[in-house]
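The values are calculated or read from the model by the stated rules, or taken from the named source; none is laboratory data. The shown structure was predicted, so the numbers you read here are calculated from the model rather than taken from an experiment. Note that each Cβ is placed from the backbone with ideal geometry, even for glycine, and that neighbours are counted across all protein chains shown. Keep in mind that these areas ignore ligands, DNA and RNA; they rest on the heavy atoms of the full protein, side chains included. Shrake-Rupley method; radii C 1.70, N 1.55, O 1.52, S 1.80 Å.
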Amino acid sequence: MGMTDLRFKSYLKQLVRAIETAESQDTKEAILLELAKLKKDLEEDIKS
């Protein structure tokens, strides 16, 4: 079953927020940690 347009927009906003959080980090390690969290979340979404 697909997403509604509203739900998809909300999903995209969450992705943008996660990327902005990564961008705001001071160190490469912190950025990579945030990106790893995002990747894990996306992989979990794919499996469900």
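For Lys47, indicate whether it is surrounded by 10 or more Cβ atoms within 10 Å (Cβ to Cβ), among the basic types (Lys, Arg) and either on the phi > 0 side of the Ramachandran plot or modelled with pLDDT under 95 (or both).
When the stated conditions are applied, Lys47 does not pass them.
Name the residues in segment 28-44 that are open to solvent by less than 70 Å² (accessible area, probe 1.4 Å), of a type outside the set (D, E, K, R) and under 13 Å from the mean Cα position of the chain (by Cα), would you?
Residues satisfying the conditions are Ile31, Ala36, Leu38, Leu42.
Residue by residue through segment 8-40, note down the ones that are in a helix (DSSP H, G or I) and in contact with a Leu (Cβ under 9 Å, 6 or more places away or on another chain).
Result: Leu15, Ala18, Ile19, Thr21, Ala22, Leu38.
Quick check on my filter: what residues within segment 29-44 are within 12 Å of Ala18 (Cβ to Cβ) and either charged (D, E, K, R) or touching a Phe, Trp or Tyr at 6+ places or on another chain (Cβ under 9 Å) (or both)?
Within segment 29-44, Glu34, Lys37, Lys39, Lys40, Asp41 meet the criteria.
Can you say whether Gln25 is surrounded by 10 or more Cβ atoms within 10 Å (Cβ to Cβ) and in contact with a helix residue (DSSP H, G or I) (Cβ under 6 Å, 6 or more places away or on another chain), as far as the supplied structure shows? Working first, answer last.
Details: surrounded by 10 or more Cβ atoms within 10 Å (Cβ to Cβ): yes; in contact with a helix residue (DSSP H, G or I) (Cβ under 6 Å, 6 or more places away or on another chain): yes.
When the stated conditions are applied, Gln25 passes them.
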